[in-house]
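**Q** The structure follows.
The values are calculated or read from the model by the stated rules, or taken from the named source; none is laboratory data. As the structure is a computational prediction, the values presented were derived from the model and not from experiment. Neighbour counts run over all protein chains shown; Cβ positions are idealised from the backbone, glycine included.
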């Protein structure tokens, strides 16, 4: 592998772990750690810790928890909200570790890019789930969850084996996010506005009934 290919592979790995962590952090760690232990991947020294059996057991356990929590409407949104404070810093840390033993400027740049990609993919996942949970079809939630896991595994595999193709796909993904996020955000605001109005009416009814006055009903 020549120097240009090494640099391309390093960039793909750095961006890949950041992007994948925003969707499913535990699947990302589990896949990289297992591939390293099976001899299919040589991790940078700073990332070798994720191949430790204790780390893999913890990641495997949390992946199982997320596998089921991610498929329950409402629970998945709460899970995503909690993991805003986990996936993004972890994506930055994994991206920084992926560049290996380089100078501080490169490590910091990798952390910034990895954290940004993690935040981007996490925002798309979390916002999309809020919209999906308002749809009447429960199968959609399961389909989205399984698809996200497959995208993580497939994306990381592409980053490791076809780095140029992965980077092209990542550019298209970022362009898609830029186009989708404003639409998703407007939809999320409508959902929360509807819920706020719904609970607001309920609280008013409770106050009226507690005061001994029944709400006026049209005949």
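**Q** Here is a check on your reading of the model: is residue 78 modelled with pLDDT under 95 and more than 19 Å from residue 167 (Cβ to Cβ)?
**A** Numbers: modelled with pLDDT under 95: yes; more than 19 Å from residue 167 (Cβ to Cβ): yes.
Against the criterion (modelled with pLDDT under 95 and more than 19 Å from residue 167 (Cβ to Cβ)), residue 78 qualifies.
**Q** I need a count of the residues in region 86-107 that are farther than 14 Å from residue 17 by Cβ and modelled with pLDDT of 95 or more.
**A** Number of matching residues: 1.
**Q** Any idea which of (1) over 15 Å from residue 24 (Cβ atoms); (2) touching a helix residue (DSSP H, G or I) at 6+ places or on another chain (Cβ under 9 Å) is the one residue 119 doesn't satisfy?
**A** Status for residue 119: all satisfied but (1).
**Q** Failed condition for residue 167, given (1) closer than 24 Å to residue 64 by Cα; (2) at pLDDT 95 or above, with all others met?
**A** Against the list (1) closer than 24 Å to residue 64 by Cα; (2) at pLDDT 95 or above, residue 167 comes up short only on (1).
**Q** Can you tell me how many residues within region 49-75 are closer than 20 Å to residue 146 by Cβ, in contact (Cβ under 8 Å) with a residue 12 or more places away in the chain and in a helix (DSSP H, G or I)?
**A** Going through region 49-75 one residue at a time, the tally reaches 6.
**Q** Restricting attention to region 76-98, which residues are without any contact (Cβ under 8 Å) to a residue 24 or more places away in the chain and over 14 Å from residue 119 (Cβ atoms)?
**A** Within region 76-98, 78, 79, 82 meet the criteria.
**Q** Among what's in region 1-48 and is out of contact with any helix residue (DSSP H, G or I) (no Cβ under 9 Å at 6 or more places or on another chain) and in a helix (DSSP H, G or I), pick the residue that is nearest to residue 91 (Cα to Cα).
**A** 7
**Q** Restricting region 98-111 to residues that are in a helix (DSSP H, G or I) and surrounded by 14 or more Cβ atoms within 10 Å (Cβ to Cβ), which is nearest to the chain's Cα centre (by Cα)?
**A** 111
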